[in-house]
Amino acid sequence: MQLRSLKRFFLKLLRKDLMQFDIEGYRKSGMKIGGGCRIFSRLNTDEPYLIEIGDRTTISTGVSLITHDNSAIKVFSSGTDFVGEIKIGRDCFIGANTTILPGVSIAPNVIVGAGSVVTKSFLTAGVVIAGNPARIVGSVSSVREKYSDNVFDFSGERRKQKKDIILNNPERYIKK
């Protein structure tokens with residue numbers, strides 16, 4: 001049995017949510033994580049004390065928060081690393097497989113598109129950023145306008161009926 005499967009089994013016995021267990025572990029390692037966050041990635045870093053995540057922020061799967069860059073060893077004979085904090089504001093969404101580099105700050109209420117590489121700070125709240133390197137591609141309000149007919153709510157008891165709700169409402173699927 002894999003370690004994660006074993007962990008899930010014991011957490012179910014203890015009636016604890018696996019995500020909350022991971023978040024508490026990150027906090028104990030030194031990360032500053034606000035309330036109501038959802039983190040679906042393994043946030044492995046040698047410097048967890050350099051990461052700050054605001055309230056109600058969601059971090060999707062496959063996200064990398066990189067707090068150091070060892071390339072300095074190839075350039076300087078007297079040093080090995082560049083190091084920088086990563087600060088993510090409240091109410092942000094960090095899309096799947098995003099990489100955030102050292103020294104980056106992200107303002108509150110920012111959506112980061114899947115697969116983005118965030119190489120610099122974005123200090124304007126309410127924007128959508130995406131790409132490699134990430135750049136502003138829109139606003140949160142434009143997403144709200146464009147996709148208001150496509151949103152689903154799977155909170156609470158509705159989570160149990162997710163598959164049926166999705167399959168019975170194809171008119172609400174996003175089409176590109």
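Applying 1/(1 + (r/R0)^6) with r as the Cβ-Cβ distance of LYS163 and SER142 and R0 = 25 angstrom yields a FRET efficiency of 0.25. Taken per residue, the accessible surface of the chain reaches 64 Å², heavy atoms only and a 1.4 Å probe. Taking the DSSP bridge list for the chain and keeping only pairs wholly inside it, about 25 percent are antiparallel. Evaluated with a Cβ-only charge set (Lys, Arg +1; Asp, Glu -1), the chain carries a dipole of roughly 680 debye about its Cα centre, given to the nearest 20.
In this simple spin-label approximation, THR119 and THR58 carry label points 7 Å from Cα along the Cα→Cβ vector, and these lie 2.9 nm apart. Look at the dipole of the range 43-114 built from charges on Cβ: of VAL110, GLY84, TYR49, the Cα furthest out on the positive end belongs to VAL110. Do any of LYS28/LYS162; LYS120/LYS162; LYS7/LYS160 go past 27 Å between their Cα atoms, and which? Check vs 27 Å cut-off fails for LYS28/LYS162; LYS120/LYS162. As a ratio to 2.2 N^0.38 Å, the alpha-carbon radius of gyration for the chain is 1.18. ASN70 sits among other residues whose Cβ lies under 14 Å from its own Cβ, and their net charge, with Lys and Arg +1 and Asp and Glu -1, is -3.
Between GLN2 and ASP46, the simple label model (points 7 Å from Cα in the Cβ direction) yields a spacing of 2.7 nm.
The values are calculated or read from the model by the stated rules, or taken from the named source; none is laboratory data. If you're wondering where the values come from, they're calculated on a predicted model, not measured in any experiment. With ideal geometry, Cβ positions are generated from the backbone for all residues, glycine too; neighbour counts draw on all protein chains shown. Ligands, DNA and RNA are excluded from the accessible area calculation, which covers all protein heavy atoms including side chains. Shrake-Rupley method; radii C 1.70, N 1.55, O 1.52, S 1.80 Å.
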